[in-house]
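Data block below; observations after.
Each reported figure results from applying straightforward, stated rules to the coordinates on display, with no laboratory input. As the structure is a prediction and not an experimental result, all values here were calculated from the model. Cβ placement follows ideal geometry from the backbone for every residue including glycine, while neighbour counts extend to all protein chains displayed.
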Amino acid sequence: MEQLAWLPIHPDFAGALKAARLVADPEEKLSRLVELANYRRNFVATEKLDRTAAQHLSSAPNLLSALQLRQARLAVLSSHTVDHLVPAIRIAGLGRRTTLSTHVGPYGLYRQALLDSNPDLVAFAPQFLLLALDARDYTSDIALSASEAEVTEAIVKHIDELRVLWRAGRERYAAQVIQQTFVASSPTLFGSYDGLVPASPGAFVERLNDAVRSAAREEGVLLLDVAWLGRRWGNEAIGDPVRWHQAKQLVAPHFAPQYGDWVARIIAASLGLSRKCLVLDLDNTIWGGVVGDDGVEGIRLGQGDPLGEAYLEFQRYVAALGKRGIALAICSKNDPATAEAAFSEHPEMVLHRTDIASFVANWDDKASNLRRIAQELGLGLDSFVFVDDNPAERHIVRRELPMVAVPELPDDVANYPGSLADAGYFEAASFTSDDVMRARAYQANVERQAVLARTTDMEGYLKNLSMTLIASEIRPVDLPRASQLINKSNQFNLTTRRYTEAELQRLVDDPAILAMCFRLKDRFGDNGLISVILARPDVHWGKNAFLIDTWLMSCRVLGRQVEAAALEVLANEAANRGAQSLIGEYRPTPRNGLVSDHYAKLGFAPASAPRDESNSASFWRFDIQTPPPRHFITVERLS
Amino acid sequence: MTEQEIFSELSSVFHDVFDDETITLRPETTADDIDGWDSQAHVTLVVATEMHFGIRFRTAELESLRNVGDFVQLIQSRLVDSKAAGKDGG
């Protein structure tokens with residue numbers, strides 16, 4: 001199986017890298033390097049690209065915001081050699097729009113690094129901590145004849161130790177821990193009978209991994225599940241015993257590009273950079289044939305025909321992604337009535353019209369249609385994956401809309417589901433009930449917009465929505481979604497301060513800090529957790545003022561006066577804590593121009609900035625006695 | 001493949017791995033002569049060479065890869081092996 005198979009092949013990667021190195025303009029140069037990171041590359045080319053990128057980023061550190069790249073610090077602690085994997089992790093990060101600073105802990109000394117305060121690691125201040133351990137350390141001390149109970153006991157002991165390490169990572173470094181699962185490296189001893197011998201190396205590692213997964217779920221640790229992902233590749237593809245004996249490399253150098261992407265996509269997901277919407281072509285993508293030529297009854301879908309069955313299976317996979325919370329959209333060059341007819345009339349369609357949040361079939365170019373879909377769904381194009389069997393369409397969309405992910409597709413539709421999964425576009429760092437509702441929420445938004453388009457009376461429309469805002473402090477159950485929003489909201493975000501889940505947990509635990517989240521319901525449905533506000537007393541502004549550190553909101557609920565209702569809650573809460581005023585801060589970024597007048601609109605008055613603040617931030621003061629602006633939202637406060 | 005051809009192809013592998021096209025290889029070139037040829041780069045070099053020529057070195061041979069001449073010799077014998085295997089239909 002080929003690594004990075006979803007990335008297109010560059011006709012002349014080496015030449016393009018050489019050309020990129022000569023580009024004088026730093027921004028243009030970085031954007032070329034990011035582009036190259038999204039082509040298929042072997043480990044040598046990946047290392048070359050990394051060398052150039054590392055040099056360039058260290059010489060021009062202020063480039064990131066211009067290209068809207070995110071930054072993160074990753075420490076790798078391991079019991080085997082990982083240095084050869086780090087360039088591939090960084091380049092995959094770049095491809096997923098994150099520049100990663102990396103720190104590799106001293107070989108084998110992961111326990112010391114975590115349990116004693118390690119000055120290098122403290123200075124590095126990792127936000128992500130990848131713990132990559134070797135199954136050999138865990139399987140060597142158990143007798144082959146050990147009973148089921150003894151094996152369980154040994155595993156509990158190992159897991160307890162891991163928990164201590166994870167907590168150290170979280171508490172000492174406020175890092176999000178990522179635990180790599182164990183790779184079974186020993187061949188079978190008994191053959192299939194291994195599974196019936198509790199302490200056989202294979203059975204033991206499998207039990208250990210299951211226990212790691214459950215414990216990680218409890219502890220808020222993310223998994224780099226090489227054992228799971230590796231099934232598709234085979235242990236031989238990932239590791240090479242020769243490289244183990246030569247250099248203690250658990251993952252062989254040639255596999256670095258794929259491994260690096262596995263790591264980078266988890267970090268990107270934690271930063272909220274995973275894709276949210278899957279846009280599909282129709283003809284020869286979700287069914288065989290051309291509905292306009294072959295008619296609804298003539299397309300190949302199901303009906304015992306091998307090709308038709310394969311398309312059916314792809315639809316099932318897409319539908320499952322929809323149920324997971326990925327928004328589904330159609331973008332097809334077709335007559336709209338014919339395209340719709342296939343959905344309503346073909347008896348075997350697994351995808352139903354109601355699964356599709358935005359349905360665009362016409363003869364316009366696909367780039368324009370993708371823009372239209374983004375508009376309709378209120379999503380950024382950088383959250384889109386576009387799947388089309390036609391290489392020419394893929395090429396044009398990549399050129400016109402480089403922020404849209406456009407995977408290469410295998411020749412055989414039977415391999416579409418697997419290869420879409422391999423691409424890792426929808427990697428998750430959390431899964432909450434809000435995610436499940438999301439697909440429905442996107443459709444509800446389209447319905448709301450339709451009502452809004454017909455309405456001339458804005459006030460009537462808002463009243464008619466029967467909105468309820470449910471305010472609460474951020475509870476453990478809210479933490480994953482709140483952290484998701486903190487990390488991915490760009491537009492309605494006053495300060496764009498990012499906090500990992502572990503960092504947010506610290507803020508929530510601090511009694512001085514007011515950490516609120518908000519849910520919105522209306523007559524079309526539940527929008528889920530849509531807004532987060534963090535506020536705290538701040539020395540500079542005096543003890544009677546609360547500084548609003550973070551105020552962000554999902555763009556799904558823009559223009560519904562949620563801000564006014566949230567301010568009402570915030571003012572009440574701050575007043576209960578003895579505050580007399582609120583201080584708002586606006587830190588402009590290339591993407592949050594939308595909220596530049598947020599505080600002015602809510603009745604805040606301009607305030608002078610603290611001396612040590614950069615010139616670009618503006619500050620605003622709100623007297624808590626002032627009535628907040630009018631809104632049509634019922635407010636519920638959960639205690 | 002002649003020794004000369006192997007030499008020239010191996011040069012391009014070195015250029016790639018060390019990201020330096022000015023490297024000129026001679027049979028007696030060792031790690032001391034090339035900037036960055038440390039133990040990690042050595043593994044990279046071995047794997048990149050294997051991929052480039054479509055061959056595998058054996059664990060027993062790894063320690064004998066001390067200079068460029070060793071590489072060339074071993075590549076040549078591996079290529080002969082695989083050709084022979086091809087003739088046998090293996």
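When B:K83, A:K333, A:K521 are arranged by Cβ crowding within 10 Å, least crowded first, meaning fewest neighbours, the order is B:K83, A:K521, A:K333.
What does the charge add up to near A:D522, with Lys and Arg as +1, Asp and Glu as -1, over the other residues with Cβ less than 9 Å from its Cβ?
Numbers: positive: A:R448, A:K521, A:R523, A:R560; negative: A:D526.
So the environment of A:D522 carries a net charge of +3.
Between A:W262, A:G230, A:N209, the Cα set farthest toward the positive side of the dipole of region A:70-270 (charges on each charged residue's Cβ, about the Cα centre) is that of A:W262.
Going by neighbour counts of Cβ atoms within 10 Å, the residues A:W166, A:W363 line up, fewest first, as A:W363, A:W166.
How crowded by other chains is B:44-51, given as the mean number of beta carbons from other chains within 10 Å of each beta carbon?
Working: counts 8, 2, 5, 13, 6, 0, 2, 5.
Mean inter-chain Cβ contacts per residue within 10 Å come to 5.
Site pair B:S8 and A:R21 shows an inter-label distance of 2.2 nm when each label is modelled 7 Å from Cα along Cα→Cβ. Protection proxy ranking, highest mean first, for peptides A:367-376, A:578-587: A:578-587, A:367-376, where packing is the per-residue count of other beta-carbon atoms within 10 Å, averaged. Relative to the Cα centre, the charge distribution of region A:457-637, modelled as +1 at Lys and Arg Cβ and -1 at Asp and Glu Cβ, gives a dipole magnitude of about 260 debye. The stretch between A:S596 and A:T152 holds 154.1 nm of extra length on full extension. This uses 0.36 nm per residue minus the Cα-Cα distance. Reported to the nearest whole Å, the Cα centre-to-centre distance from region B:1-69 to region A:249-297 is 36.
Here's the picture: charge each Lys and Arg Cβ at +1 and each Asp and Glu Cβ at -1 in region A:457-637, and of A:A607, A:Q491, A:A502 the one pushed furthest to the positive end of that dipole is A:Q491. Annotation: extensible slack from A:A60 through A:S145 equals 24.6 nm (criterion: 0.36 nm per residue apart, minus Cα-Cα distance). In the protein assembly as shown, helices alone account for a calculated mean residue ellipticity at 222 nm of -13500 deg cm²/dmol, with every DSSP H run of four or more residues adding -39,500 (n - 2.57).
A cut-off under 12 angstrom between Cβ atoms defines the neighbours of A:A392, and their net charge, with Lys, Arg +1 and Asp, Glu -1, is 0. Note on A:239-246: average number of Cβ atoms from other chains within 10 Å of each residue's Cβ is 4.
Dividing the mean sequence gap of close Cα pairs (under 8 Å, 6+ apart) by how many residues region A:308-371 holds gives a relative contact order of 42 percent.
Reported to the nearest whole Å, the Cα centre-to-centre distance from region A:553-582 to region A:66-118 is 39.
Would you tally the net charge around A:S101, using a Cβ to Cβ cut-off of less than 9 Å, leaving A:S101 out, and scoring K and R as +1, D and E as -1?
On the way: positive: A:R73, A:R90; negative: none.
With Lys, Arg at +1 and Asp, Glu at -1, the neighbours total +2.
Estimated from the Cβ-Cβ distance and a Förster radius of 56 angstrom, the FRET efficiency linking A:D509 and B:S82 is about 0.35. Note on the protein assembly as shown: dipole from Cβ charges, positive end direction compared against A:A19, A:Q449, A:V164; the farthest Cα belongs to A:Q449.
Sort the following peptides by mean Cβ neighbour count (other Cβ atoms within 10 Å, averaged over residues), highest first: A:438-444, A:405-411. Please report the intermediate quantities before stating the final value.
Details: A:438-444: 21.0, A:405-411: 18.4.
Descending packing order for the listed peptides: A:438-444, A:405-411.
Once C-alpha pairs closer than 8 Å and six or more residues apart are averaged by separation and normalised to the residue number of chain A, the relative contact order reads 10 percent.
Extending 7 Å from Cα along the Cβ direction at A:R372 and again at B:R56 yields two label points whose distance is 5.5 nm.
Estimated translational diffusion coefficient (Stokes-Einstein, Kirkwood radius over Cα pairs, 37 °C, 0.692 mPa s) of region B:3-87: 251 µm² per second.
Neighbour counts of other Cβ atoms within 10 Å put A:I286, A:I238 in the fewest-to-most order A:I238, A:I286. Protection proxy ranking, highest mean first, for peptides A:67-77, A:385-395, A:273-283, A:334-344: A:273-283, A:67-77, A:385-395, A:334-344, where packing is the per-residue count of other beta-carbon atoms within 10 Å, averaged. Based on alpha-carbon atoms, the Kirkwood radius and the radius of gyration of chain A give Rg/Rh equal to 0.98. For region A:277-422, the percent of C-alpha pairs falling in each 5 Å distance bin, counted from 0 to the bin holding the largest distance, reads 2, 10, 21, 25, 23, 14, 4, 1. State the antiparallel share, in %, of DSSP beta bridges confined to the protein assembly as shown, rounding to the nearest 5. Rounded to the nearest five, the antiparallel share is 45 percent. Taking amide H as placed 1.01 Å from N in the peptide plane, the amide H of A:T99 sits under 5 Å from that of A:R70, A:Q71, A:A72, each at least 5 places away or on another chain.
Restricted to Cα atoms, region A:457-637 shows a radius of gyration and a Dmax of 15.5, 47 angstrom.
Taking each residue of A:78-89 in turn, how many C-beta atoms of other protein chains fall within 10 Å of its C-beta, and what is the average? List each step's numbers first, then the result.
Values: counts 0, 0, 0, 3, 0, 3, 5, 0, 0, 0, 0, 0.
Mean partner shielding for this stretch: 1.
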